[in-house]
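Worksheet for the structure shown next.
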Amino acid sequence: MDRFPDKLLEWYAHQGRKLPWRGSVDPYAVWVSEIMLQQTRVETVIPYYERWMRRFPTISVLAAASEQDVLTVWEGLGYYSRARNLHNAARVVLEKYEGEIPHNLVDLRSLPGIGRYTAGAIGSMAFGLDVPTLDGNIRRVLARVFDVAEPADSPPGEKILWRLAEQNLPTGRAGDANQALMDLGASICLPKNPRCLLCPLTDLCLARQLGIQDQRPVLKPKAVVPHYVVTAAVLGRDGKVLLAKRPSKGLLGGMWEFPGGKMEANETFEACLAREIREELGVAIRVGQPFGVYQHAYTHFRITLHAFLCELSDGEPRPIEAAELAWAALADLTHYPMGKVDRQIARKLALEP
């Protein structure tokens, strides 16, 4: 496989994607892009990256921002722990490294949200280190070219793929090679129906030679994704609605939502919502008219959420389970960062006469 790096880099020189963070001499730009690209497609990331860099052009500006500002700019990109980790890491870089992103893998990996993959990407692309990285695209290319039969998402498979990534790095051009593998996986070596005839590695690809490219990479069987039915209260008073802020840690940490929760067995929507609001806010409510049904899929589960217009009937809401509460005017709902479903409810509210 001596020709592997040469063929890859030659293809990249002519076919590599033109991306806003490519060619930047600012390690911060590379860092932001790599965090955003975790589990997210390039096409989705580009407008978020450009908006982020306008709002937080330097590490010091990001470190000085509030968590709410950070989550607002990130809203819609998902996996919000990435934004919180990026924010926290910026503060660590400012305090511990005098505002300069560390140049070695050990210190990089000590920062919140940076694991082996991200450290390798930043180290090779921003600092020219001869280190590999391994995202989903690179896994797929390597698993096919070298016909890796071990599941790519298993510890033995990971070990094999990391070794292959390291063994096939061209000295002094690791950053270009890593980006070339990413681009090849994204545009040619696709998960389904790979475009083998256009691939610069087609005569080297062992899986292609065996006619099993559609069977690589091998992946472990997916677990059944659970589905939950959820209710939410659009609780109004004096032209405002009540929002609850989720705790900083956990799913959608630091985001605002319309309070509610999961239905239990044999519960009606109304009974579920009354129970959840009593447990979360310490108040009794009157459940009124339905306000829409909303679907969403998270990484490990799916939900169907039923929203209802509600009124307080007894008590004053307290943040028993939430980080804090806010009575928000409809015109101000855009100032509160929310997950996808809650934003849909907020937009529908803003359109109501």
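Being hydroxyl-bearing (Ser, Thr, Tyr), modelled with pLDDT of 95 or more, surrounded by 17 or more Cβ atoms within 10 Å (Cβ to Cβ) and in contact with an Asp or Glu (Cβ under 7 Å, 6 or more places away or on another chain): is that true of Thr231 here?
Details: hydroxyl-bearing (Ser, Thr, Tyr): yes; modelled with pLDDT of 95 or more: yes; surrounded by 17 or more Cβ atoms within 10 Å (Cβ to Cβ): yes; in contact with an Asp or Glu (Cβ under 7 Å, 6 or more places away or on another chain): yes.
Spelling it out, Thr231 is indeed hydroxyl-bearing (Ser, Thr, Tyr), modelled with pLDDT of 95 or more, surrounded by 17 or more Cβ atoms within 10 Å (Cβ to Cβ) and in contact with an Asp or Glu (Cβ under 7 Å, 6 or more places away or on another chain).
Residue-by-condition table, conditions (1) surrounded by 14 or more Cβ atoms within 10 Å (Cβ to Cβ); (2) outside any loop (DSSP other than H, G, I, E, B); (3) touching a Phe, Trp or Tyr at 6+ places or on another chain (Cβ under 8 Å); (4) in the same structural domain as Gly315 (by TED's automatic domain parsing):
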site: Leu243; (1), (2), (3), (4): yes, yes, yes, yes
site: Lys249; (1), (2), (3), (4): no, no, no, yes
site: Leu252; (1), (2), (3), (4): yes, no, yes, yes
site: Cys272; (1), (2), (3), (4): yes, yes, no, yes
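Could you list, ordered by first residue, the pairs with Cβ atoms under 8 Å in which the first is in segment 30-43 and more than 15 Å from Asp135 (Cα to Cα) and the second is acidic (Asp, Glu) and in a helix (DSSP H, G or I), at least 6 apart or interchain?
Note: no pairs meet the criteria.
Cβ-Cβ under 9 Å, sequence separation 6+ or interchain: first residue in segment 253-280 and more than 23 Å from Arg343 (Cα to Cα), partner part of a helix (DSSP H, G or I) and among the charged types (D, E, K, R). Which pairs?
Here the result reads Glu264/Arg275; Glu267/Arg275, each pair linking segment 253-280 to a residue that is part of a helix (DSSP H, G or I) and among the charged types (D, E, K, R).
Among the residues of segment 175-187, are any in a loop (DSSP other than H, G, I, E, B) and either hydrophobic (A, V, I, L, M, F, W, C) or closer than 19 Å to Ala29 by Cα (or both)?
Scanning segment 175-187 turns up no residue that is in a loop (DSSP other than H, G, I, E, B) and either hydrophobic (A, V, I, L, M, F, W, C) or closer than 19 Å to Ala29 by Cα (or both).
List every residue pair whose Cβ atoms sit under 6 Å apart, with the two residues 6 or more apart in sequence or on different chains, where the first one lies in segment 334-346 and is closer than 16 Å to Leu235 by Cα and the second, anywhere, is in a helix (DSSP H, G or I).
Going by the 6 Å Cβ cut-off, the qualifying pairs are Ala346/Leu333.
For segment 115-126, give me each residue that is in contact (Cβ under 8 Å) with a residue 60 or more places away in the chain and either assigned to a loop (DSSP other than H, G, I, E, B) or over 19 Å from the mean Cα position of the chain (by Cα) (or both).
Once the filter is applied, which keeps residues that are in contact (Cβ under 8 Å) with a residue 60 or more places away in the chain and either assigned to a loop (DSSP other than H, G, I, E, B) or over 19 Å from the mean Cα position of the chain (by Cα) (or both), segment 115-126 yields Met125, Ala126.
Of the numbered conditions (1) under 28 Å from Ala152 (Cβ atoms); (2) surrounded by fewer than 21 Cβ atoms within 10 Å (Cβ to Cβ); (3) among the aliphatic types (A, V, I, L, M), Ile35 fails exactly one; give the number of that condition.
All conditions are met except number (2).
The values are calculated or read from the model by the stated rules, or taken from the named source; none is laboratory data. Remember, it's a predicted structure, so these values are computed and weren't measured experimentally. As a convention, Cβ positions derive from the backbone with ideal geometry for all residues, glycine included, and neighbour counts pool all protein chains shown.
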